[in-house]
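Inspection log for the structure reproduced underneath, given as structure tokens.
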Amino acid sequence: MLEKIFSRETLLPPEQLPPLVLAHLGDAVYELYIRSRLLVKSRTTAHKMHLESVRYVKAQAQAQALQVIQPLLNEEEQRVVRRGRNAKSGHVPKNASVIDYRRSSAFEALVGYLYLKGQDTRLEELLEKAAEALD
């Protein structure tokens, strides 16, 4: 069982997974990407790295990241973004507007989708562009 923990295998193909499930996974993938990126770029304390990573992973920043990469997305990726944006979670964090929360969910759904599809090169390309825009 342990060897399956980091597997990308799912019961359904990524296209059939609910968008909020994709967003849940995408949130973790994006956070790991940002934390790893900060670790490579700076030598500082864990607390300062945490504060810096929050700047990238909060809903407002993810919504902005989506705006930056959206013109670069192909039709399939745009479809995933629409599904993620239109998903109803019934919850909005207290520090985010509904629009930012929906856009951040769309961004996270795309990240989760590309991760599950094994499109690592494309995922890294988009995440790097998004992170550079937020720098």
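This ranking places Leu32, Leu11, Leu126 by how few other beta-carbon atoms lie within 10 Å of each, fewest first, which gives Leu11, Leu32, Leu126. An oblate overall shape is assigned to region 50-102, the ratio a/c of its alpha-carbon gyration tensor axes (a ≥ b ≥ c) being 1.5 or greater and a/b not exceeding b/c. With bins 5 Å wide beginning at 0, the percent of Cα pairs of the chain falling in each bin runs 2, 10, 21, 24, 19, 14, 8, 2, 0. Only Lys, Arg, Asp and Glu carry charge here, each on its Cβ (+1 for the first two, -1 for the last two); on that basis region 83-135 has a dipole of about 520 debye about its Cα centre.
Scan the chain and note any complete DSSP helix (H) whose C-alpha atoms cover at least 24 Å along its axis and whose Kyte-Doolittle average is 0.0 or more.
Values: long enough: 19-41 (32 Å, 0.65); 98-117 (28 Å, 0.25).
Helix filter hits for the chain: 19-41, 98-117.
Would you work out the charge dipole size for region 16-134 about its Cα centre, treating the Cβ of every Lys and Arg as +1 and the Cβ of every Asp and Glu as -1, and quote it to the nearest 20 debye? So the magnitude is around 380 debye.
Report summary: the helix-based calculation at 222 nm, which adds -39500 (n - 2.57) for every DSSP H run with n ≥ 4 and divides by the residues of the chain, gives -22500 deg cm²/dmol. Excluding same-chain neighbours fewer than eight residues apart, the lysines reachable from Lys41 by a Cα-Cα span under 22 Å are Lys58, Lys129.
The numbers here are math on the coordinates, done by the rules we state, and not lab data. In this text the structure is predicted, and so the values were computed from the model without any measurement. Reconstructed Cβ throughout: ideal geometry from the backbone, glycine too, with neighbour counts over all protein chains shown.
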